[in-house]
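One structure below.
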Amino acid sequence: PRPNHYCPIFFTFSLTRTHTHQCQCAHTYQQCQKNKNKKNGGGRPVTTYLPNGKKDYSYRSTWKHKFSRARNKAQRGGLSKDQMMRQYGRFPKGKEWWGPERDFAEWKEKWITENPPP
């Protein structure tokens, strides 16, 4: 068995049971979850639901989310995904910056002065 192996198959039975699958490794379900979260930087946030059963999208109104979306658009030079694909044919790589500002730091300083955090 490989110690830092991510298990793609999830089971709903007891968390302490051991399981084997196509990769022939044996480990507990908790170990799989721990390794999965370590690989993905902590895992995906849990989806929250409202009492009526619909998804809760209130996170979209937070300053942090607006900052993230604005950064993504600014990195693409203010273009939507469709416009960007037509003009460049790809997404920006890594720290590549297509916006009018010199780099992310310059854009961030400007954006935060225009949109101060609460």
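Laboratory data are not the source of any read-out in this text; all were calculated from the coordinates shown. Just so it is clear, the structure is predicted and the values come from calculations on it, not from any experiment. Don't worry about glycine lacking a Cβ; one is built from the backbone with ideal geometry, like all the others, and counts go over all protein chains shown.
Quick rundown of the values:
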{"read-out": "Qualifying residue in the stretch 80-97 (condition: surrounded by fewer than 12 Cβ atoms within 10 Å (Cβ to Cβ), in a helix (DSSP H, G or I) and in contact with a helix residue (DSSP H, G or I) (Cβ under 9 Å, 6 or more places away or on another chain))", "value": "no"}
{"read-out": "Any chance Lys64 is surrounded by 13 or more Cβ atoms within 10 Å (Cβ to Cβ) and within 19 Å of the chain's Cα centre (by Cα)", "value": "no"}
